[in-house]
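Here's the structure, in structure tokens; my notes come after.
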Amino acid sequence: MFLRSLLKTWTLLLLPSLLSHARVGFSNMADSPPVNPNATKSATSTPSDSQSQYDALIKVLPGKVSLPLDPTYQSSKTSYFSQQEEQVSPACIVTPKNTNDVAAAVKALASLYESSPSSSQFAVRGGGHTPWAGSASIEGGAVIDMTSIRAVTVNADQTVTSVGGGATWSDVYSYLDLKNLAVSGGRAAQVGVAGLTLGGDFESLKMPLC
Amino acid sequence: MINYEIVLANGATVEANKTSNSDLWIALRGGSNNFGIVTRFDLKTFEQGNFWGGIVYYPITTASQQLTAFYNFAKDPSYDDYSALIQSFGYSGGQGSAAVNGLYYTKPQPNPPTLQPFTTIQPQLASTMRVDSLLSLTMERGATSPNGLRSVRMIFCGLLYSPHKRPTAILIFNRELYVTTTFRNDLSFLNVVYETFDDTISKIEKVTGITWAVTFQPIVPAIITKSDSLGGNSQGLSPSEGVLVNALLTASWSLSSDDELVNKVAGGFIEKTDMLAQEHGVSHSFIYLNYANKTQNPIDGYGAISKAKLQAVSKKYDPQGVFQRGVPGGFKLFTR
């Protein structure tokens, strides 16, 4: 968490060692499926049996449910903080664009869960910064990826900032900074608002309220 | 946090605030993903211009001075709540060890008295302290966690770019671990914890790509008091408990073949710290949820009363337990 700042300062010195030690997969979405040396399953080109149970979900949210070979799925899967979480392979990833979408997804997945509890659990993903595998993803299940819901607005008298559930603190601060405003929030910009807040953060920059 | 807009298990969207669904409003602070999906946060907003902050790096030989300054800063009854401190000691494979302080004072006032005990520690390897924007200071802080490798990936993209293809991602992920504990602020015990951490370095120093650090942050009564005045929390923390110290062990490494060793040494450090805390009479059950490893139990760490309240809220707003057994990720209220 801290010595990466040394990395930032001496990036050129470190590049060779990072290249030799890191797992590097070169992904080009325009051509072939990504090569991921960590993959434990091979992706299939058609929805598998385990994915067909999501037909009802796909019907309710057309264009917002992606499968393993889709770019949206890959982009979401590879945007977690830790390698462990990135290695989890969900059956599908839902990308709601607004609250109604989230409600539709929850309703569909809750009823799916209730009808077959052992095979259709789901996960919710915000910033994706929690390190351990399965915290915000789920092997063979559905992930609701909240990161499209990240709008930030402030009210007319600038006393309340409204933040979409999938936003990061950088979304919040880049908007508020221009107005010389702030909220009490995370100190690491790429961390999600949801996880930090709902986890009961004690470590935000506590700016005394006026 | 003034209000949450939250989607519940039955698909209904409700608001949770001081006057509406207030039990849910309190439960959400610390209750994590146990009640639904929050689709909007409404946060109290105030004026804030640029302020003073940054990161100072020192040789590891300053450790004892650092801990003394930390202890005094944390215990100060007239804690200046414009100030914030994040103190780390760490080891990076091939680079050695350092002490690092993140220092923040949310006014454009350089080097205020409350933080001088840290800025005056010598020698220093480097310092980024300056008056700057909230965005810039938090981007800098964010870059210190390995997810900040994204900024390095941009450089990699430039080096490996091939004109006839459009590289969209270079996947470099380290394996990551967070594990945490909390104890009462005590100078001799802080030194004990530091020594315990120091002893672990020889066990992991050969791990490929390792970065290994312990981070201390104060949890002062003033923070809890403020939270209480704004409606409270579900975490079982009370200002009457005195000053607490949150300790976080972070590990970042390259190869899954080292998982077992890293987990064992990290877990062992926390276990030993907890055991020693008992012996020194400074133990505390609080486990900060966002730093907890999968094997830890932050809900239990909130105490029986808080846990019971959270369970009651779950039964009221999610009677089928969709966010308990349908969403198994995170830290659950019933299944442990």
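Details
- When A and B come together, around 9500 square angstrom of accessible surface is lost from both chains combined, probe 1.4 Å.
- Its relative contact order, with pairs defined as Cα atoms under 8 Å and 6+ residues apart, puts chain B at 21 percent.
- Cα shape, segment A:98-210, gyration tensor, a/c 1.5 rule: prolate
- The value of relative contact order for segment B:1-49, using C-alpha pairs under 8 Å at least six residues apart, is 48 percent.
- Averaged over its residues, chain B has an accessible area of 38 Å² per residue, based on protein heavy atoms and a 1.4 Å probe.
- Helices in chain B that qualify as membrane-span-like (whole DSSP H runs, Cα extent of at least 24 Å along the helix axis, mean Kyte-Doolittle hydropathy of 0.0 or higher) are B:187-204.
- Separation of segment B:263-325 from segment B:76-92 is 24 Å, based on Cα centroids.
- Helical runs assigned H by DSSP (4 residues or longer) give chain B a calculated mean residue ellipticity at 222 nm of -10500 deg cm²/dmol, each run adding -39500 (n - 2.57) before division by the residue total.
- Cross-link table A:Lys107/B:Lys18; B:Lys75/B:Lys307; A:Lys107/B:Lys264; A:Lys64/A:Lys179; B:Lys44/B:Lys316; B:Lys75/B:Lys315, entries beyond 32 Å C-alpha to C-alpha: A:Lys107/B:Lys264; A:Lys64/A:Lys179; B:Lys75/B:Lys315
- Inter-label distance, A:Val60 to B:Glu279: 5.5 nm, where each label sits 7 Å from its Cα along the C-beta direction.
- Listed residues B:Leu249, B:Leu310, B:Leu135, most fluctuating in chain B (Gaussian network, C-alpha, under 10 Å): B:Leu135
- Cα gyration tensor shape for segment A:79-160, rounded if a/c is under 1.5, else prolate or oblate: oblate
- Chain B - percent of accessible surface contributed by carbon and sulfur, probe 1.4 Å: 54
The values are calculated or read from the model by the stated rules, or taken from the named source; none is laboratory data. As the structure is a prediction and not an experimental result, all values here were calculated from the model. Heads up, the Cβs are rebuilt from the backbone with ideal geometry, glycines too, and the neighbour counts pull from every protein chain shown. Heads up: the accessible areas ignore ligands, DNA and RNA and are worked out on the full protein's heavy atoms, side chains in. Shrake-Rupley method; radii C 1.70, N 1.55, O 1.52, S 1.80 Å.
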